Amino acid sequence: MFQAILGGLVAGAIYALLGIGIATAFRVSKVVNLAQGNFFVLGIMVAASLAGPLPLPVAVLGAVLVCAGAGALQYRLVIRPALSAAHATQLLVTLGSGLALSGAVRVVWGPDDRSLRAMFEGTTRIWHGRLTYQGIVVVVAAVLLTAALTLFLHRTDAGLRMRTIADSPSVASSLGINVARTSTAAFALSAGLAGLAGVLIAPLLFVNFSSGLLMTVYGFVAASFGGLSSLPLTLAGGLALGCLEAIAAHQFDSALKTPLAMTLFLAIVLVRNRGGLIQQARVVQRIVPWRTPGRGRPSFRAPGAALPTGVKAPGAALPARKAFWRRRSAGTAAAIALAAPLGAQFIDPYWLSVLSFLGVFVIVGLGLDLLLGYTGLLSLGQTAFMGLGAYLVALAPKWWGLGPWAAIAVAVLISCLAAAVVGTLVLGLRGYYFALATLVLAITAELVANGSPGLLGGPSGVDVPGELKLFGISLDTPERLFLVIWVMVAAIAFLLSRTVTSRFGLGLDLVRSDPDLAAAAGVPADVLKLQAFVFSAGIAAVGGVLYAYLLRFVSPPAIGFEGGIDALVGLMLGGLGTVWGALVGVAVVRLLPEWTGSSDTYQLLIYGVLLTAIALVFPRGIVGKVGHWGRDVGRSRTAGPKRLPAPASRQVPSAPTAPASRQVPSAPTAPASRQVPSAPAAPRSHDPRPLLEGRSLTKRFGGVTAADGIDIALVPGEVHGLIGPNGAGKSTTLALLSGRLRPTSGAVRFGGKDVTALPAWDLASLGVVQTFQIPRFPADQTCWDVAAMGAFSQGSGGLLQGAGPRGSRVVGMLYDIGLDCLERVGLLGQRDRLVSELSTGQQKLLELARALAARPRVLLADEPAGGLSADEHERLGVLLRSVAEQGTAVLLIEHSVPLVMNVCDRVTVLAEGRLVTSGRPREIRTNQEVIDAYLGT
């Protein structure tokens with residue numbers, strides 16, 4: 001045992017050096033470099049080449065310098081352009097550059113294993129074990145380098161610059177720090193450490209071009225111990241990881257050591273992200289007993305009122321481009337299904353085989369598109385579910401005596417159940433951890449399959465038994481399998497195209513765009529992500545089943561990460577979030593080597609360059625770019641004036657002038673043009689009891705108290721103003737009432753029930769809807785899309801229901817509601833414009849339309865008048881009064897005192913996080929405390 005631990009310390013020291021490099025680069029860029037392990041391999045290869053003609057120390061130094069230079073080049077060419085991109089894009093460019101480097105190593109040094117002669121010969125006895133001098137050097141080097149780097153970061157000017165960049169690049173730049181140069185140096189240092197780790201351990205092991213990704217994962221596991229920031233904890237994590245592996249290999253089976261290490265990684269990240277895990281657990285226990293489907297929200301139309309012009313019936317409104325896309329997708333799917341029998345008859349047998357495998361990877365790509373393209377989740381472990389489906393269809397007849405069709409059903413079902421369990425665990429992870437956890441899943445699955453010869457056949461794999469028959473016809477020929485595969489491609493693509501244009505798809509758009517925006521629209525983001533994850537895994541399992549019957553054999557590479565590179569690169573090339581991008585991109589990736597006759601030698605290099613280039617300069621992909629171009633052409637042909645007037649039939653009449661009894665004198669400093677007339681007093685037939693209450697709400701952020709014991713009550717039919725100077729705690733109070741923040745103490749009550757613990761989306765689904773001070777819309781959506789997204793909570797139906805006729809009716813109804821709300825705020829003429837083309841004032845109005853589409857019982861409006869003109873101020877005041885008159889409780893946070901005083905029934909004043917006073921507008925206007933704290937003279 002002690003001997004095993006000594007060996008584990010040596011391996012752990014290498015993991016620690018890799019982790020320290022990852023943490024060093026992450027500190028200055030917030031990017032996890034998935035190419036770190038490839039620099040480890042590059043260092044060994046360069047040192048092995050230089051060790052012949054040059055002395056070994058010179059070869060080692062040369063290898064470290066080459067790796068450092070490669071790291072600096074990677075930052076300048078690949079990572080720096082992606083710093084402002086999404087986490088998924090950053091991971092893809094580092095993954096692509098790592099694959100390209102791995103491919104380059106294969107081209108230059110070939111596929112054979114390499115090693116290096118020892119720099120220090122001999123062994124020494126340490127207690128009950130022996131350790132080589134080379135191993136001692138590795139451990140000592142890891143400890144000394146950790147100490148040196150820690151001192152460097154905390155005791156030198158260069159280290160201080162790196163830490164400043166880590167805290168805030170903009171502040172560092174304003175202080176005169178050259179951010180680009182310092183970050184380049186950090187990545188050079190990171191890659192140099194990886195190269196040094198390689199040459200130190202090279203005498204003790206053999207590596208080849210494909211070893212880099214696993215070493216990256218080991219390094220990331222070590223870095224996770226330190227939260228990607230603490231170097232001493234990273235060292236401790238690496239050493240612990242190495243010892244755990246060694247003990248597992250000694251006590252159990254050496255094949256289990258890496259899976260156990262990966263399990264440790266998952267345990268670490270789940271503990272570090274336990275908040276996300278708890279949130280995922282609530283997905284299962286989210287039933288609110290007193291929530292009912294019909295919650296009595298006010299309708300925007302009086303009973304029996306005529307529908308607006310242009311809308312045939314509730315649920316019939318749908319933008320022409322979406323309706324056209326649905327018809328085109330259905331036609332394309334039908335064309336594929338009809339062409340499949342012809343292809344089976346006339347295509348050459350060799351090309352039948354090529355196209356059959358192409359179809360399998362298109363299916364996997366379609367499932368991945370649902371996750372990455374529509375949900376924004378980068379899963380690097382989809383092949384694990386593909387492989388699980390393949391292995392189960394091969395082993396279920398042997399294990400449980402099932403027939404072929406029963407085995408297929410069980411394979412897909414178990415894959416979906418496994419995805420549900422995995423998704424519940426990993427979907428709560430934030431940032432890079434989700435993608436890396438799924439990568440660990442794929443690597444672990446392949447290693448388990450390789451290390452289980454008795455159960456899973458080991459490296460030799462397993463045969464697929466039985467004869468598959470459909471309607472009495474045996475599917476035992478290439479032609480028939482080709483037909484089945486491509487009919488499945490058409491069916492899955494059609495199902496997916498219907499799903500992503502349904503209510504479920506609108507929810508995914510919001511989840512991908514902004515989690516807070518999704519929650520404000522009542523979208524249960526965690527539920528939708530889990531459903532998408534399971535559905536995607538089910539699609540991958542179907543691909544695995546077809547793969548197994550196509551080969552009649554399943555082996556470990558089918559379950560590992562590299563088995564799915566074709567699908568990932570093809571999807572990126574074809575276009576994310578397009579459905580048909582998987583078909584186009586995977587076809588190019590799979591058929592290009594066939595057409596050009598290129599060998600496998602260059603394949604990895606080409607894939608890496610393609611993946612990196614697409615993520616950086618061609619993110620829309622082929623289908624996405626063509627679709628975007630087509631939409632631009634279509635919009636340019638139909639575009640009228642940039643500010644189209646609403647049709648007369650949809651004009652919203654202004655409210656009559658308020659009676660004298662409601663007139664409130666305006667502030668002396670306010671110009672006359674900013675006066676906001678009041679609407680008629682709201683009818684007092686509404687329930688006078690508060691609908692939403694905040695009781696003694698307190699929120700602390702560390703030592704800062706943002707809200708301190710605030711009481712506020714919102715009554716149906718009233719507009720309640722919340723004013724105060726900047727930093728008074730207004731937005732914090734709104735966030736507490738909406739569920740976006742959990743109070744440190746105090747309670748939020750809705751309808752007399754405590755809802756403090758409910759998440760924001762649950763409150764929004766009950767009718768507590770907020771607007772954001774700064775609008776947060778998906779930039780690639782139209783005004784009509786955004787308004788329809790706001791109506792998400794008004795519909796029903798999940799993932800599978802959205803693909804049917806009922807799903808079409810529901811999504812049409814949501815667009816109808818959205819159209820109605822655009823009319824109310826005066827943006828009907830802008831419905832087909834992209835939100836990125838709107839002015840600030842128009843975006844504010846669209847934000848209000850999005851909130852009104854949810855038909856709120858409580859509307860929390862955070863500075864909706866910002867950026868509006870004087871006329872729009874007046875219209876906004878009338879609109880807020882009309883919303884309140886329909887029985888909605890409105891909270892208005894606003895700096896425009898005339899607007900607040902003329903529109904609100906009650907006003908609450910905050911200052912420095914505390915309640916100053918609350919009362920009628922006339923009382924607030926003359927209150928000396930309010931004048932001193934906010935209004936002035």
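The values are calculated or read from the model by the stated rules, or taken from the named source; none is laboratory data. Bear in mind that the values here come from a model prediction, so they are computed numbers and not experimental data. Positions of Cβ are backbone-derived with ideal geometry, glycine not excepted, and every protein chain shown enters the neighbour counts.
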* Might you check whether a residue that is over 30 Å from Leu859 (Cα atoms) and either modelled with pLDDT under 95 or in a helix (DSSP H, G or I) (or both) occurs anywhere in the range 516-528? => no
* Can you spot a residue in the range 792-805 that is among the polar types (S, T, N, Q), within 23 Å of the chain's Cα centre (by Cα) and farther than 19 Å from Phe504 by Cα? -> no
* Could you tell me whether any residue of the range 544-552 is over 30 Å from Ala330 (Cα atoms), in the same structural domain as Leu441 (by TED's automatic domain parsing) and either out of contact with any strand residue (DSSP E or B) (no Cβ under 9 Å at 6 or more places or on another chain) or in contact (Cβ under 8 Å) with a residue 60 or more places away in the chain (or both)? => yes
* Asked: Could you list, in sequence order, the residues of the range 1-52 that are among the polar types (S, T, N, Q), closer than 25 Å to Thr184 by Cβ and touching a Gly at 6+ places or on another chain (Cβ under 6 Å)?
  -> Gln36, Asn38
* Asked: Of the residues that make up the range 482-495, is at least one part of a strand (DSSP E or B) and out of contact with any Phe, Trp or Tyr (no Cβ under 7 Å at 6 or more places or on another chain)?
  -> no
* Asked: Picking from Ala13, Ala23, Ala68, which residue would you name as being touching a residue at least 40 places away in the same chain (Cβ under 8 Å), over 25 Å from Gly376 (Cβ atoms), in a helix (DSSP H, G or I) and more than 32 Å from the chain's Cα centre (by Cα)?
  -> Ala13
* Ala339 is checked against (1) part of a helix (DSSP H, G or I); (2) buried (at least 17 other Cβ atoms within 10 Å of the Cβ); (3) more than 31 Å from the chain's Cα centre (by Cα) and fails just one. What number does that condition carry? -> (2)
* To do: Kindly provide the set of residues from the range 446-458 that are among the aliphatic types (A, V, I, L, M), surrounded by fewer than 24 Cβ atoms within 10 Å (Cβ to Cβ) and in contact with a helix residue (DSSP H, G or I) (Cβ under 7 Å, 6 or more places away or on another chain), ordered by number.
  => Leu447, Val448, Leu456
* Asked: Can you tell me which residues in the range 838-872 are polar (S, T, N, Q) and in the same structural domain as Gly826 (by TED's automatic domain parsing)?
  -> Ser839, Thr840, Gln842, Gln843
* Segments classed as helices (runs of 4 or more DSSP H), wholly inside the range 835-937, with at least 1 members that are small (Gly, Ala, Ser) -> 840-852, 870-885
* Asked: Restricting the search to the range 703-744, which residues are free of Cβ contacts under 8 Å to residues at least 60 places away in the same chain and over 28 Å from the mean Cα position of the chain (by Cα)?
  -> Gly703, Val704, Ala713, Asn726, Thr744
* For the range 92-208, which fully contained helices (runs of 4 or more DSSP H) count at least 2 residues that are at pLDDT 90 or above and not aliphatic (A, V, I, L, M)? -> 133-155, 179-201
* To do: Please indicate, with yes or no, whether at least one residue in the range 624-638 is at pLDDT 65 or above and within 12 Å of Val569 (Cα to Cα).
  => no
* To do: Return yes or no: is Leu766 farther than 20 Å from Ala911 by Cβ and buried (at least 19 other Cβ atoms within 10 Å of the Cβ)?
  => yes
* Asked: Is it the case that Ala420 is assigned by TED's automatic domain parsing to the domain that holds Ala540 and in contact with a helix residue (DSSP H, G or I) (Cβ under 9 Å, 6 or more places away or on another chain)?
  -> yes
* Asked: Counting just the residues of the range 160-178 that are among the small types (Gly, Ala, Ser) and surrounded by 14 or more Cβ atoms within 10 Å (Cβ to Cβ), which one comes out nearest to Leu149 (Cα to Cα)?
  -> Ala166
* Output the number of residues of the range 212-257 satisfying the condition of being crowded, with 20+ Cβ neighbours inside 10 Å and either among the basic types (Lys, Arg) or not in a helix (DSSP H, G or I) (or both). => 3
* **Selected residue (criterion: nearest to Tyr391 (Cα to Cα)) from residues of the range 424-459 that are assigned to a helix (DSSP H, G or I) and aromatic (Phe, Trp, Tyr)** => Phe434
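Listed here are the residues, each with its yes/no results for (1) surrounded by fewer than 24 Cβ atoms within 10 Å (Cβ to Cβ); (2) at pLDDT 90 or above; (3) aromatic (Phe, Trp, Tyr).
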{"position": "Ala803", "(1), (2), (3)": "yes, no, no"}
{"position": "Val811", "(1), (2), (3)": "no, no, no"}
{"position": "Leu814", "(1), (2), (3)": "no, yes, no"}
{"position": "Lys844", "(1), (2), (3)": "no, yes, no"}
{"position": "Ala849", "(1), (2), (3)": "no, yes, no"}
{"position": "Ala861", "(1), (2), (3)": "no, yes, no"}
{"position": "Gly866", "(1), (2), (3)": "yes, no, no"}
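To keep it simple, each residue is scored yes or no on (1) charged (D, E, K, R); (2) at pLDDT 50 or above; (3) under 29 Å from Ala520 (Cβ atoms).
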| position | (1), (2), (3) |
| --- | --- |
| Thr669 | no, no, no |
| Pro683 | no, no, yes |
| Lys730 | yes, yes, yes |
| Leu737 | no, yes, yes |
* Asked: If we scan the range 801-824, do we find a residue that is within 22 Å of Ala320 (Cα to Cα), touching a residue at least 12 places away in the same chain (Cβ under 8 Å) and assigned to a strand (DSSP E or B)?
  -> no
* In this structure, is Val542 buried (at least 24 other Cβ atoms within 10 Å of the Cβ), under 29 Å from the mean Cα position of the chain (by Cα) and not hydroxyl-bearing (Ser, Thr, Tyr)? -> yes
* For the range 149-159, name all the residues that are touching a Leu at 6+ places or on another chain (Cβ under 8 Å) and within 22 Å of Ala72 (Cβ to Cβ). => Leu149, Leu153, Gly159
* Asked: On the given criteria, is Leu193 in contact (Cβ under 8 Å) with a residue 60 or more places away in the chain, closer than 21 Å to Thr94 by Cβ and either outside the structural domain of Arg117 (by TED's automatic domain parsing) or not β-branched (Val, Ile, Thr) (or both)?
  -> yes
* Asked: What is the one condition in (1) part of a helix (DSSP H, G or I); (2) without any contact (Cβ under 8 Å) to a residue 24 or more places away in the chain that Asp476 does not satisfy?
  -> (1)
* To do: May I ask you to say which residue of Gly428, Gly457, Gly522 is in contact with a strand residue (DSSP E or B) (Cβ under 9 Å, 6 or more places away or on another chain) and within 28 Å of Ala558 (Cα to Cα)?
  => Gly457
* Structure fact -> Apart from one, (1) of a type outside the set (Val, Ile, Thr); (2) more than 27 Å from Tyr934 (Cβ to Cβ); (3) in contact (Cβ under 8 Å) with a residue 40 or more places away in the chain all hold for Asp754; the odd one out is (3)
* Asked: In the range 547-575, how many residues are closer than 25 Å to Ile622 by Cβ and aliphatic (A, V, I, L, M)?
  -> 7
